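All remarks here apply to the structure that follows.
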Amino acid sequence: MPGAHRARKSPRKSTRKKAGRKASEGAHKLRGARTGAAAPKKTKKRALRRTAAAAKKPAAAPKKSAAKRRPRRAKFTPPDPQRVAHVLAILEGLYPGAMTALEFGTPLQLLIATILSAQCTDERVNMVTPVLFARFPDAQALAAASQAEIEEIIRSTGFYRNKATSIRACCADIVAKHGGEVPRTMEALVALRGVGRKTANVVLGNAFGIPGLVVDTHVTRLSNRLGFTNETDAVKIEHALMPIVPQEKWTVFSHWLILHGRRVCNARKPHCSICQVAPHCPRVGVTAAQ
């Protein structure tokens, strides 16, 4: 009725807001989220622990590809004795009367010259040793000499400090244990300070006539190229050559390979076209030749 007071209804909430709220609630329900409740604390702690453990765990090392894996070493077949005999006969014909290039008059002089020849040419050693032996003629004199005196004389041979130390220590052992004379056995020689199997074999074979296989860089290279052995360690090469080379030829065989390695069978480009051993050589490891 006109003039009558009507009670006003509470304002309705917007239908748009309600629709939006319902849609969002439905979306959360579909995703599996809990409505109206916070995530439990245990779940949060577990997630944090997993994250920390993943951060501490070291990353797995990448697997080596097939290309980077080290190839397996092929099984070595001992050389045919007949082929070895042919090679030895050819080398003997090429280098008759082969002997060490180091000049010496006594076993002690050869021992000292061999120590000096490490990382040095034989020609340079032969220029130095006459001066050294003129001033210090025997083991007693070398053992009593000062480090500076020996270093000054042998400086041009390289590594002169280490060589001077080895010479003085070796001669001191010879004086103290062998009465100033160089011993004649492998065991006694390698027991001297500064003396290894290579030096001992040089002295035994060339000063005392006792067969010994000297394994230097040339002997190592040619023994592998000829297929006589596939070892790279000097001692193992020496023991591998012993059964295939006659014992009476051990010393001269080393000289043959050293001379052939210097003149024909070079390290980088061997002269295979003019090598008389080529018909009996498998050329192991040779990639370029002349």
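The values are calculated or read from the model by the stated rules, or taken from the named source; none is laboratory data. Nothing here was measured: the structure is a model prediction, and the numbers come from that model. A quick note on method: Cβ atoms are made from the backbone with ideal geometry, for glycine too, and the neighbour counts reach across all protein chains shown.
Can you say whether A145 is of a type in the set (A, V, I, L, M, F, W, C) and exposed (fewer than 13 other Cβ atoms within 10 Å of the Cβ), as far as the supplied structure shows?
no
Among the listed residues A148, A85, A144, A134, which satisfies the condition of being within 26 Å of L213 (Cα to Cα) and small (G, A, S)?
Result: A85 is the single residue among A148, A85, A144, A134 that is within 26 Å of L213 (Cα to Cα) and small (G, A, S).
Of the residues in the range 86-120, how many are within 20 Å of E152 (Cβ to Cβ) and outside any helix (DSSP H, G or I)?
4
Considering only helices (runs of 4 or more DSSP H) fully contained in the range 131-181, which possess at least 3 residues that are closer than 20 Å to G196 by Cβ and touching a residue at least 40 places away in the same chain (Cβ under 8 Å)?
Because the criterion is at least 3 residues that are closer than 20 Å to G196 by Cβ and touching a residue at least 40 places away in the same chain (Cβ under 8 Å), the helices (runs of 4 or more DSSP H) in the range 131-181 that meet it are 160-178.
Looking at A267, is it at pLDDT below 95 and either of a type in the set (D, E) or more than 20 Å from E103 (Cα to Cα) (or both)?
Yes; evaluated as a whole, the condition is true for this residue.
Of the conditions (1) within 24 Å of T121 (Cα to Cα); (2) touching a helix residue (DSSP H, G or I) at 6+ places or on another chain (Cβ under 9 Å); (3) of a type in the set (S, T, N, Q); (4) surrounded by fewer than 21 Cβ atoms within 10 Å (Cβ to Cβ), N206 clears all except one; give me its number.
The single condition N206 does not satisfy is (4).
Against the conditions (1) more than 20 Å from P107 (Cβ to Cβ); (2) within 19 Å of the chain's Cα centre (by Cα), where does K198 fall short? Just the number, please.
So K198 meets the others, but not (1).
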